[in-house]
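Just so you know, all these numbers are worked out from the coordinates, no wet-lab data involved. Please read these numbers as outputs of a predicted model, since none were measured by experiment.
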Amino acid sequence: MNVRVCVLGIVLLLGGCGRQDDAALVIYSAGPRPLIEQISADFSAEHGIPVRLFVATTGQLMAKLEAERFRPQADIVIFASDVAAEALRSADRLMALDDLPLPDTSADWHDPQRYYLATSAALVGVALASTHADMAPDWPLLFSGAFPGRIAMPSPSRSGTAGDFVVSRVLADADSAWLDFTRARAAGMEFPAANSQALTSLMIGNYQAVLGAVDYLVFRQIDQGAPLVMHYPAGGVPLMTRPVGILASSPRQDSARLFVAHLFSASAQQHIADAHLLPARTDIAPSAARQATPAPPQILRGDVTAALAQQGTILRRFQYQIERAQIAPMAARQ
């Protein structure tokens, strides 16, 4: 068994597939890694319960959960997409959390049946190079091919957030969305891997805009001095919640419930805000970088059930018709 273990207090990073401590709470979590490590370390110090972490993308977490379906390992899962949590709920793989007391939170972020609860959220908009900060482009300009600069988008096959962005636009207006994506691709839009790689390419000047950028990653780069601006187009931007759920198969449900409650504590929610995510608690202020950015004129919330039903079809079509397609340059088609 190939196991990579890093001790952080009594929090362990799980690289293999077997339990090494039956008392340990096993948590599968989407990033950012330092955030979940800090929250888990605080929880272990407070409750004396060891935690084993597996941190990966939402897609990788779902693949691991599916591979372990008949020999479950995880107690808790934290996704960067409510569509993934809804997939588990619809398969009866999550336990109900309707009796778990919560502080005041953004209640409409949670599953109405309370099988998963949103611990935080992020918005998906446009990262701009500071040289283009005064433009404030709306979606029609960005997709039209008339934007004065090179445009990138994280690959939906590598970034769950980019995938959710594509699905949300198609569900909102399918005909217009496919036309927009085709037009932008013909104008030269590229797909440099996941969010982090796309932002790196933006910072070194390969691009001047990244569509479908998740905002907390942009704010983190801005905090570190990167010449970037987070922009929310007037046409509206999708809100992506980050839900937590307890696996119905977990033999440590009491400890798991303690951890979920801890995620909504003031200290954990402050760590979330410090990571530039939107905290679920209404009494925790967003980060200074987020507050310094004009709020989006319109926040869009999609239908999670429709997204779950159509996600696979939409993303396969996007991959073959847009991302991998050989589309004639716009100038050649005029």
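Summary of values
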item	result
Residue-wise HN-Hα coupling along region 36-48, computed from phi with Karplus coefficients 6.51, -1.76, 1.60 (Hz; x: Gly, Pro)	5, 5, 5, 4, 5, 5, 4, 4, 5, 5, 6, 10, x
Note, ³J(HN,Hα) from phi for region 158-166, Karplus 6.51, -1.76, 1.60, rounded to Hz, x at Gly and Pro	10, 10, x, 5, 5, x, 5, 4, 4
For region 240-273 and region 174-233, distance of Cα centres in Å	31 Å
Compactness of region 244-334 - radius of gyration and Dmax, Cα, Å	20.9, 64
Among [x] 346; [y] 138; [z] 156, the entry that matches volume of the Cα convex hull per residue in Å³ as calculated here	[y]
Theoretical ellipticity at 222 nm over the chain - DSSP helices of four or more residues, -39500 (n - 2.57) apiece, nearest 500	-11000 deg cm²/dmol
Per-residue HN-Hα couplings for region 68-84 [Karplus 6.51, -1.76, 1.60; θ = phi - 60°; Hz; x = Gly/Pro]	9, 3, 9, 8, x, 10, 7, 9, 10, 10, 10, 9, 9, 7, 6, 5, 5
Cα centroid separation, region 30-81 to region 126-157 (Å)	34 Å
Rel. contact order, % - alpha carbon contacts under 8 angstrom, at least six apart, region 30-154	15 percent
Distance cut-off 17 Å, percentage of C-alpha pairs in region 97-149 lying past it	56 percent
